[in-house]
Structures are given as C-alpha cells and as structure tokens.
Amino acid sequence: MATERKALPVIHKTRCTGCGWCVAVCPPHVLSLDVERWKKFSRLHDEAGCTGCSKCAVKCPFDAIAMVKTA
Ligand code: SF4
Ligand code: SF4
C-alpha cells in the first residue's frame with residue numbers, strides 16, 4: 001500500500017547548526033540529533049514514520065530543511 005505522505009524533509013548538513021528545534025517540534029519524533037566529526041546535525045531516523053507535515057521545515061531558523069516531494 002502506498003502511503004498518503006507527499007513529501008519528506010531533506011536536511012542540509014552544512015546549514016544545520018544542530019540547534020534541535022526541528023527535533024522538538026516533530027509530532028511523531030522521527031528526527032534526532034546526530035554527531036559527525038564533532039558537528040551536530042539533525043537526521044530523519046524513521047522515514048516511514050514521517051507524516052510529511054512540514055513542521056520541522058517551518059520551524060528551522062536556518063533554512064536547513066527542504067521538503068522534497070516523494071510522489
Ligand atoms: S515533516 Fe513532520 S513528521 Fe516529518 S520529520 Fe518533519 S516534523 Fe516530523
Ligand atoms: S532546526 Fe534546522 S538548524 Fe536546527 S537542528 Fe533542525 S535542521 Fe538543524
């Protein structure tokens with residue numbers, strides 16, 4: 001069965017500051033902060049659980065999240 005989801009957030013690692021706002025605002029808690037080479041950034045750890053609501057992209061103060069259509 002295809003899901004109803006229309007878009008997924010794509011996080012730009014270079015723009016992301018790891019502030020955590022998107023993690024806090026995500027209703028199903030599918031975003032988490034990750035660390036790579038001492039730099040924190042947000043990661044979508046559960047694509048299937050994302051509803052495509054765009055709240056994370058709207059909340060990000062650094063314009064680091066783009067909603068990309070999946071269908
Ligand atoms: S689009 Fe919505 S459900 Fe998906 S990661 Fe962003 S806030 Fe969470
Ligand atoms: S709100 Fe934006 S800058 Fe902050 S952790 Fe999320 S993607 Fe990164």
For F62, all conditions in the list (1) within 7 Å of ligand 1 (Cβ to nearest atom); (2) touching a Cys at 6+ places or on another chain (Cβ under 8 Å) hold save one; what is the number of the exception? (1)
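Listed residues V35, V10; which is in contact with a Phe, Trp or Tyr (Cβ under 9 Å, 6 or more places away or on another chain) and either surrounded by 15 or more Cβ atoms within 10 Å (Cβ to Cβ) or not polar (S, T, N, Q) (or both)? First the steps, then the outcome.
On the way: V10 fails: in contact with a Phe, Trp or Tyr (Cβ under 9 Å, 6 or more places away or on another chain).
When all the criteria are applied, what remains is V35.
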Scanning region 1-52 for residues that are within 12 Å of ligand 2 (Cβ to nearest atom), charged (D, E, K, R) and within 10 Å of the chain's Cα centre (by Cα) gives R43
Which condition from (1) assigned to a helix (DSSP H, G or I); (2) on the phi > 0 side of the Ramachandran plot is the one that G52 breaks? (1)
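Values quoted throughout were computed directly from the atomic coordinates according to the rules given, and no laboratory measurement underlies them. Remember, predicted model here, so these are calculated numbers, not experimental data. Ideal geometry is used to build each Cβ from the backbone, glycine not excepted, and the neighbour counts take in all protein chains shown.
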